[in-house]
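In what follows, a single structure is set out as structure tokens and then discussed.
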Amino acid sequence: MPRSDTVFVCSACGHEAARWAGRCPDCAEWNSLVEQRRSPAAAGVRGSGASFGDGRRSGGGVAVAPITLRDVEALDHERLSTGIGELDSVLGGGVVPGSLVLIGGAPGIGKSTLTTMAVANMCAAGRRTLYVSAEESAAQIRLRAQRLGGGEALAVPVIAETDLDVVLATLEAERPEVCVIDSVQTLHSSQLSSAAGSVAQVREAAEEIRQVAKRMGIAVLLVGHVTKEGALAGPRVLEHLVDCVLQFEGERERTYRTVRAIKNRFGSTNEAGVFEMRDDGLVEVLDASARFVAEATRAPGSVVLCAMEGSRPLLVEVQALVCTSELVPPRRVVAGLDRNRVSLVLAVLGRHAGIGLGASDVFVNVVGGVRVDEPGVDLAVALAVASAARRTALTGPSGRPLACFGEVGLTGELRTVAHGERRLHEAHRFGLDPVIEPASAKTLRAAITTALAPVAKEVAAQVA
């Protein structure tokens, strides 16, 4: 039987139940009810309460008079620059005082490296900083700071502590302007009996840190773990508590990393920053298109995609390999793209472009470890697969890689995508001309014919 001072809370939807059950009665999620202590104040105000006629209720609440938004005083927060241009761009211009920024990513992707660089730059700029490590010792953090080079990182004050009460007391005593907590899943509150990393512990730690940060105007960078599916670990309410959620993407075996804003209360969620991991830390990639275009293979199955990373264009190489399959059904292996979207494009190729792949294995990859999640990648996938199936390299008249972008409809038509002019300008900047896009080809079959036309003319000239 549960104690009278405890309640079972669903980690998926937040539903409260008096006793444990295997399935949440509200959202039907299995094994999501977690026991946590109920605060005395919350227990005392449950129920509707009786009204006294003067605005008070039996629960102790007093009604307040609402005001219109035009009468609310606007606040103009001075953002704190991290000294990393790509990170500042994703944040919307820097870190807002009193805000919580949650940075998630796979183990070893570079979360601690990024936060160490940011807090070192702000410390060198004269900001009061603090680095709280709940995973590593102070000696391990020093080794990372030495690897990053320069003396800025070695000047950052650091504590290695997992007790939430000690961390909060240190924040109130030191009063830093910027604080890094690595990580929120390893903090433990003595007020709860559950283990560190549990739903109750993560929610309690995030809420207590949020209250201190808002009250004292401390900008907090929270490092968070991810599950094996790639989602942020802990309760979903963790993402609602913070002001900004950054996703650190990439493959540990590759050098390129991408930082995206999933949620941002103080800026846009359409920005993305590109970094390269080196021995001395993360380096901003200011012109990633130049590197990807220079490394394009110009072989069958390769095209250049004019993609959009937030508000800026990015040229990346999309490669495909088609070979006879010995399996039923054949394999479909995708890296850097949505697998369902690739399956959709393959179906349209077979139905409307006459390129059947029912007996072939198809492999599609975005070179460099970059992930592309936008409709404009459809045409690049289709042309890369068609080029690999026909064993024909797609190049422009000058011999440079063929560039393209566009969404493929289920009826075989090409549909326009956002920022077409900016994509074209980026391709022309590197001499990629012509660019196959919805304005130049109305259907997928026409796009494939246009892409193969220069090759057919070259073959005819050689035969003549």
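Here is how the numbers come out for the structure above:
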{"quantity": "For segment 283-324, with +1 on Lys and Arg beta carbons and -1 on Asp and Glu, the positive-most of LEU286, CYS323, THR297 along the dipole", "calculated": "CYS323"}
{"quantity": "All aspartates and glutamates inside 12 Å of LYS111 as judged from Cα atoms, apart from same-chain residues fewer than 8 positions distant", "calculated": "ASP182, GLU249"}
{"quantity": "DSSP bridge orientation in the chain - percent antiparallel, rounded to nearest 5", "calculated": "60 percent"}
{"quantity": "Amide H within-cut-off set for THR6, under 5 Å, with H built and near neighbours excluded", "calculated": "ARG38"}
{"quantity": "The chain - charge dipole about Cα centre, Lys and Arg +1 at Cβ, Asp and Glu -1, debye rounded to 20", "calculated": "960 debye"}
{"quantity": "Stretch gain in nm, segment ARG70-TRP30, where the contour uses 0.36 nm per residue and the Cα spacing is subtracted", "calculated": "9.8 nm"}
{"quantity": "Most to least accessible of HIS425, HIS188 (protein chains only, probe 1.4 Å)", "calculated": "HIS425, HIS188"}
{"quantity": "Cysteines (scope the chain) whose Cβ has no counterpart Cys Cβ under 4.7 Å", "calculated": "CYS123, CYS179, CYS244, CYS306, CYS323, CYS404"}
{"quantity": "Karplus-derived HN-Hα couplings along segment 199-207 (A = 6.51, B = -1.76, C = 1.60, θ = phi - 60°), whole Hz, x at Gly and Pro", "calculated": "4, 5, 5, 5, 5, 5, 5, 5, 5"}
{"quantity": "In sequence order, calculated HN-Hα J values of segment 17-29 (Karplus, 6.51, -1.76, 1.60; Hz; x Gly/Pro)", "calculated": "10, 6, 9, 6, 9, x, 9, 5, x, 8, 9, 6, 7"}
{"quantity": "Residue-averaged [θ]222 nm for the chain, counting only DSSP H segments that reach four residues, each worth -39500 (n - 2.57)", "calculated": "-9000 deg cm²/dmol"}
{"quantity": "With Cα atoms, 0 to 90° folded angle of helix 111-124 axis to the chain main axis", "calculated": "70 degrees"}
{"quantity": "Probe 1.4 Å, accessible area per residue of segment 124-244, Å²", "calculated": "44 Å²"}
{"quantity": "In degrees, nearest ten, helix 339-352 long axis to first principal axis of the chain (Cα)", "calculated": "30 degrees"}
{"quantity": "Per residue solvent-accessible surface (Å²) - segment 315-396, probe of 1.4 Å", "calculated": "42 Å²"}
{"quantity": "Percent accessible area from carbon and sulfur atoms, segment 61-156, protein chains only, probe 1.4 Å", "calculated": "55 percent"}
{"quantity": "Listed residues ASP287, ASP182 arranged by accessible area, highest first, probe 1.4 Å", "calculated": "ASP287, ASP182"}
{"quantity": "Folded to 0 to 90 degrees: helix 164-174 orientation relative to the chain principal axis, Cα", "calculated": "90 degrees"}
{"quantity": "Accessible area of segment 310-464 belonging to carbon and sulfur atoms, whole % at 1.4 Å probe", "calculated": "55 percent"}
{"quantity": "Relative contact order (percent, whole number), the chain, Cα cutoff 8 Å, 6+ residue spacing", "calculated": "12 percent"}
{"quantity": "HIS425 paired with ALA17, simple spin-label distance in nm, labels 7 Å along Cα-to-beta-carbon", "calculated": "5.6 nm"}
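The values are calculated or read from the model by the stated rules, or taken from the named source; none is laboratory data. Everything numeric here is computed off the predicted structure, so don't read it as measured data. Cβ coordinates were reconstructed from backbone atoms using ideal geometry, including for glycine residues, and neighbour counts include every protein chain displayed. To get the accessible areas, we keep the full protein, side chains included, count just its heavy atoms, and leave off ligands, DNA and RNA. Shrake-Rupley method; radii C 1.70, N 1.55, O 1.52, S 1.80 Å.
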